[in-house]
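Data first, discussion second: the structure below is written as structure tokens.
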Amino acid sequence: MATKIMIIGFGSTGKYVLDMATKMNVFKDCTFIVVSRTSEEEVEKRINITRISSGIFDYFPRISYHECDINNLVQMSELLSNEAPDIIAYTGRYMKGFKYGEFSYPNEIGYGAWTPMAVVLVEKLMKAVKQSGISTRVINTSFGDAVSPALATVGLAPYTSAGNLNHLIPRIKMAYANITNENYDDIDATFVGAHYANTYISKEGIPKGSPYLLNISGKLKKTVSDDEIFKHCAIPTISGAERNWMIASDVVMLLRLMTDKSRAKLKTHAPGPFGLPGGYPLLFENGEMHVDEIHFSIDDMKKVNHGSLACDGIEDINANGIVFTDDVIYKMKKVFGVDYPKSISVNDCEMFSVKIADTLKGAGRVSK
């Protein structure tokens, strides 16, 4: 039976996922189901571009579309029950036009400040999955370092999240290859750390106080310091929607690994697997995911990720919900005039997110 892949959200990330996957032989027998709030007439035009461009490669993907609002739990759960997708890739966002980095990086505010907004729609999707009664695996693209463990506290964690950490791995491999003249195919890199580490190593070439774990090796067995590798990771990239090619690539890689039945052990990195905090190396075998403990123990990885998340403004994630650092609370008040509580439960995230959104829109900081 063909694997059914549902893409929920059809902004730039969802479009890139569909475009990429429908041109890869490994997905030739898959069925794709696109879901968003946009009218069918408009989405069909864009899907037809995908169909035609894939057809140029002699691939003619099976793609269907459903107009559905993720906020409508009954409608979404019925759709899931009827379609019964094997894998769901959630690529939506709470606020259109809102980019965390545009607010966090210039003000040195931890990205964890935006976790409540990142939680809202993923929680609704996971509730719909639970209510539908289907067995499926969900990939979340919304700040999985903190969202996945937050939802785990209420029994709604996605299978895994995507993005963040895995964007750093190619940079590390390219840096090591350029320094040592090693072939890319001969390099193995394993990195542990949360979103904060990826941000500052990618932008400034330093972890900026974030704890991390790194193991990198090649056939030439040359030793290069972490500082030297990180310095070469700070390569310029464009901003805007095109950056979402990276997160889309992460999603497609996970889809590929989750549908692979070759029994080969295949490696990637991702945030929030099985509801764990921060980012981890992963091994897939016969489509099943495991945390890679070849180089580092799970306890050491959890400890490092706890410290890395603290740099991003998340002091802890526990039964009380998301616990913010005093630094984030202070800066959100100073920069945006928003009073953050010390902790916020998953159930209260939506109400608090409305407050954050109204503040930012009122200040003209995001598109309305």
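The values are calculated or read from the model by the stated rules, or taken from the named source; none is laboratory data. Everything numeric in this text was worked out from a predicted model, so none of it was measured. Using ideal geometry, Cβ is built from the backbone for each residue, glycine included, and neighbour counts are taken over all protein chains shown. Protein only, heavy atoms only, side chains kept; ligands, DNA and RNA dropped before computing areas. Shrake-Rupley method; radii C 1.70, N 1.55, O 1.52, S 1.80 Å.
General observations
- Taking all Cα pairs closer than 8 Å and separated by 6 or more residues, the relative contact order of the chain comes to 18 percent.
- The simple Förster model, with R0 at 56 Å and r as the Cβ-Cβ distance, assigns residue 179 and residue 343 a FRET efficiency of 0.80.
- A protection proxy built from the mean count of other Cβ atoms within 10 Å ranks the segments 214-225, 321-332, most packed first, as 321-332, 214-225.
- Rounded if a/c under 1.5, otherwise prolate or oblate - region 125-236, Cα gyration tensor axes: prolate
- Annotation: per residue accessible area for region 1-128 equals 44 Å², rounded to a whole number [probe 1.4 Å, protein chains only].
- Dipole magnitude (debye, nearest 20) for the chain, charges at Cβ of Lys, Arg, Asp, Glu: 500 debye
- Residue pairs, from the table 23/267; 127/265; 4/303, whose Cα atoms sit over 29 Å apart: 127/265; 4/303
- Top of 253, 24, 126 by mean-square fluctuation, Gaussian network on the chain, Cα under 10 Å: 24
- Carbon-plus-sulfur accessible fraction, region 214-368 (probe radius 1.4 Å, protein heavy atoms only): 51%.
- Extension reserve of the residue 290-residue 41 stretch, reckoned as 0.36 nm per residue once the Cα distance is removed: 85.6 nm
- Amide H within-cut-off set for residue 234, under 5 Å, with H built and near neighbours excluded: 205
- Among beta bridges identified by DSSP and lying wholly in the chain, the antiparallel ones come to about 50 percent.
- Region 86-135: trypsin sites (Lys or Arg not before Pro) falling in loop per DSSP and having at most 14 other Cβ within 10 Å: 96
- Comparing the chain with the 2.2 N^0.38 Å rule of thumb, its C-alpha radius of gyration ratio is 0.97 (two decimals).
- Straight-line reach from residue 231: taking Cα to Cα under 14 Å and skipping same-chain neighbours fewer than 8 places apart, the aspartates and glutamates in range are 204.
- Our compactness index for region 248-368, the C-alpha radius of gyration over the empirical 2.2 N^0.38 Å, is 1.36.
- Kirkwood hydrodynamic radius of region 20-162, Cα pairs, Å: 16.7 Å
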